[in-house]
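All remarks here apply to the structure that follows.
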Amino acid sequence: MVNLKFVSKGDQRFEAVYNKTRNLLTEGNDEVNMGTYNYAGPSDVSGHVKYDVEPYYKWGNTANLSEKGAVAELAAAGANMTQLWFNTDAINHYNKYALQFGLDEIYPDMAPSDPVA
């Protein structure tokens, strides 16, 4: 599955994640992949890891989410990224929205030479 994630410009604190059928992911339909509030924006790498990423790995997005653990989450993220790099339709879909929102496009030749499986 490939999702499209938007992060608010400027403060980078608000996220919205959509799946390939254009549904907004929420606590009601996808607790793992839903958008969340960032206490530190992704451009503040150390703050984002400390206040957003590590708590996610420890507790998940919601109280109802059963913890998978950091290793499983990282493996799933790697698998999702691999799926993206080898799915031209997904790349084209992302690029369509990237252009509309002034984001950098991604290209198949940007794929890692040794993708994670």
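Values quoted throughout were computed directly from the atomic coordinates according to the rules given, and no laboratory measurement underlies them. A quick note: this is a predicted structure, and the numbers were derived from the prediction, not measured. For neighbour counting, all protein chains shown are included, and Cβ atoms are generated from backbone atoms with ideal geometry for every residue, glycine included.
Summary table below
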quantity: Simple spin-label estimate for E105 and W59 in nanometres, 7 Å along Cα-Cβ; calculated: 4.2 nm
quantity: Estimated FRET transfer efficiency (N95, Q12; beta-carbon r; R0 22 Å; 0.05); calculated: 0.55
quantity: Total formal charge among the other residues, if their Cβ is under 13 angstrom from that of M34, Lys/Arg +1 and Asp/Glu -1; calculated: -3
quantity: Amide H contacts of F14 (H built 1.01 Å from N, under 5 Å, at least 5 apart or other chain); calculated: S8, N38
quantity: Under 5 Å, built H, 5+ apart or other chain: amide partners of K20; calculated: V2
